[in-house]
Amino acid sequence: MDEVFGEENFRNEITWRREVARGMKTHSEFYSKNADSIFIYTKNNNAIWNGSQTKKLYSKQEAKDNFYEDHIGFYSTSHIGTYTNDSLIKFNNNNRLHTTKGGVITIENGILRTSAGTIRLKYYLEKENGHYFKMSSVDNIWEDIRGIAMVGESERVDYSTQKPEALLERIIKASSNENMVVCDFFGGSGVTSKVANDLNRRFIHCDIGINSIQTVRDRLVEAKADFKILEVQDGLNLFRNPIQTMDKLSTMIDGLNTKNPQGINSFWFGTIVNSKYGTVPVYIPDLTNSTKKVLDIVAINEIINKEIHGFDDFSGDIKKVIVYYVDIVDFDEIQKFIKDNNQTLIEIELKDLKQVLDFVVVDDTVEFSLKEDEILFEVKINTFYSDRLKQKINEYNSKQALKEQGSHISISDDGLELIEYISLDCTHDNGIWQSDSEIKIDKNGFISIDGAKTKRFWDGTINSSNKPKRLKIRNIAGDEIIETFIKC
């Protein structure tokens with residue numbers, strides 16, 4: 001955050017205490033964790049700030065112990081400040097003035113005075129559901145907003161990182177005005193977008209997970225929000241299995257030979273033989289190491305001054321190297337750095353690895369059949385197979401096998417339990433997806449049909465009143481595949 005906004009633009013740290021149920025016991029060895037930190041940054045000194053107020057609740061006994069009481073109710077006091085004499089007289093007529101030290105208020109010749117002590121202004125507590133409360137300014141300790149486990153079931157969507165709507169409502173109200181844009185670049189279950197829409201703000205929700213996009217889509221549809229879903233093809237979704245991707249790169253790049261000639265060390269992924277340049281070493285970042293995906297000045301400096309200068313002992317004549325990157329800090333800045341610092345005659349070509357990897361995904365596979373009767377079309381999933389999920393489950397089972405009482409996960413022959421969502425598009429052959437019929441399967445196997453929860457178990461079928469043109473399936477890891485029905 002310091003790098004994004006500037007360290008000087010850090011404003012405050014909020015401690016949000018997520019209230020637990022009364023009587024709940026914790027068994028943590030080193031204190032239970034019941035708070036999150038919220039950091040406030042601004043872009044500059046002209047940031048929006050609307051402040052916040054909250055209700056401070058008191059029982060009747062707490063009110064008696066902490067406040068004054070008269071025939072109207074309980075009250076607190078504050079200094080009268082710069083109120084005029086006429087205003088103080090009006091306050092006095094409405095029983096809004098209090099004197100310390102037992103003083104008596106009098107009005108002589110139109111001037112309000114007290115016989116002793118000082119005059120203070122009364123602020124009465126309001127009453128609600130048997131409790132008394134007063135509005136007070138919110139500071140950086142938040143104890144009045146319950147965690148998601150404590151809110152009503154209608155708000156919970158069983159998303160692990162979900163936050164309560166009241167939390168985002170306070171943040172958005174304080175930091176923006178109506179019609180402004182609220183962005184959440186790690187959007188999760190979409191609480192930010194939903195609340196922003198409720199508060200008449202525009203919103204941008206970003207997330208790399210398909211689960212997130214589907215969850216926020218359903219939430220925004222229910223809220224009757226106007227929105228569009230746009231897919232950004234940046235290749236990052238292809239690195240869900242980076243080891244597998246690294247293994248396949250040698251076949252994805254034309255002419256790449258991963259058996260390096262003598263003299264080129266393991267820093268280089270392989271070489272390409274070019275009729276003009278001869279042997280061209282190729283660098284590919286290690287996709288299993290997130291710190292290697294960004295090409296910055298430090299990384300290119302290491303390539304120039306450590307690796308390229310190390311070609312002195314190479315038996316051939318290196319004229320060019322290719323450096324692939326996933327992300328780059330500033331392309332022009334890197335090019336300028338190369339020009340200013342590369343003292344060799346070796347040309348350095350920068351290439352975006354995402355151009356190689358875009359759309360190269362090992363898809364899940366599905367076998368299905370379509371049956372038609374007089375009023376319905378029924379699609380039956382016969383088998384579903386996911387290589388990625390199989391690897392994950394095998395990895396888990398291998399670890400569990402080392403434990404004395406480790407559990408074991410098995411997959412049925414049809415693999416239906418690996419599916420969490422299925423949808424039929426009866427409108428389009430391609431392009432934007434329209435879900436004309438859909439089923440969601442919860443963790444217990446019960447299904448929701450077009451958003452309506454049922455007590456039916458998932459049996460591998462989905463129906464539609466119109467003939468389906470495309471089928472979409474999402475597995476329990478969030479990966480999706482789309483199959484097109486063969487035209488008859």
Of Gly102, Ile318, Ser410, which is farthest towards the positive pole of the chain's charge dipole, taken about the Cα centre with +1 and -1 on the beta-carbons of Lys, Arg and Asp, Glu respectively? Gly102
Selection of trypsin sites (Lys or Arg not before Pro), the stretch 183-236, meeting DSSP coil and at most 14 other Cβ within 10 Å: Lys224, Lys228
Straight-line reach from Lys403: which aspartates and glutamates fall under 20 Å, measuring Cα to Cα and dropping same-chain residues less than 8 apart? Glu395
Loop trypsin sites (Lys or Arg not before Pro), the stretch 374-434, which have at most 10 other Cβ atoms in a 10 Å radius of their Cβ (DSSP): Lys403
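From the helices alone, meaning DSSP H stretches of at least four residues, give me the mean residue ellipticity at 222 nm for the chain, per-run term -39500 (n - 2.57), in deg cm²/dmol to the nearest 500. The partial results should precede the final answer.
Details: 11 runs with 99 residues, N = 488.
Helix-only estimate at 222 nm: -5500 deg cm²/dmol.
Pop out the Kirkwood hydrodynamic radius of the chain from its pairwise C-alpha distances, inverse of mean 1/r, in Å to one decimal.
Numbers: mean 1/r = 0.0341 Å⁻¹.
Hydrodynamic radius (Kirkwood, Cα only) of the chain equals 29.4 Å.
Taking the Cα centre as origin and putting +1 on Lys and Arg beta-carbons and -1 on Asp and Glu beta-carbons, what dipole magnitude results for the stretch 348-488, to the nearest 20 debye? Each step should come with its number before you reach the end.
Values: 20 positive and 27 negative charges, 74 e Å.
The dipole magnitude comes to about 360 debye.
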Excluding residues on the same chain fewer than 8 positions from Lys43, give the aspartates and glutamates whose Cα lies under 20 Å from its Cα. Asp2, Glu3, Glu7, Glu8, Glu13, Glu178, Asp184
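Summing Lys, Arg as +1 and Asp, Glu as -1, what charge do residues with Cβ under 12 Å from the Cβ of Asn211 carry, Asn211 excluded? Before the final figure, lay out the partial values.
Working: positive: Arg217, Lys440, Arg474; negative: Asp158, Asp207, Asp218, Glu420, Asp479, Glu480.
Cβ neighbours under 12 Å give a net charge of -3.
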With charges set only on the Cβ (+1 for Lys and Arg, -1 for Asp and Glu), what does the dipole of the chain come to about its Cα centre, in debye to the nearest 20? 1920 debye
Would you be so kind as to identify which of Ser435, Leu370, Tyr421 lies farthest towards the positive end of the dipole of the stretch 311-445, taking Lys and Arg as +1 and Asp and Glu as -1 on Cβ and the Cα centre as origin? Tyr421
So which lysines pass the test for Lys276, namely a Cα distance under 26 Å, with those fewer than 8 places away in the same chain ruled out? Lys259, Lys306, Lys319, Lys320, Lys336, Lys339, Lys351, Lys354
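Read-outs throughout are calculated quantities, based only on the coordinates presented, and are distinct from any laboratory measurement. This one's a predicted model, so the numbers in the text were calculated from it and none came from an experiment. Counting neighbours? That spans all protein chains shown, and the Cβs are built from the backbone with ideal geometry, glycine included.
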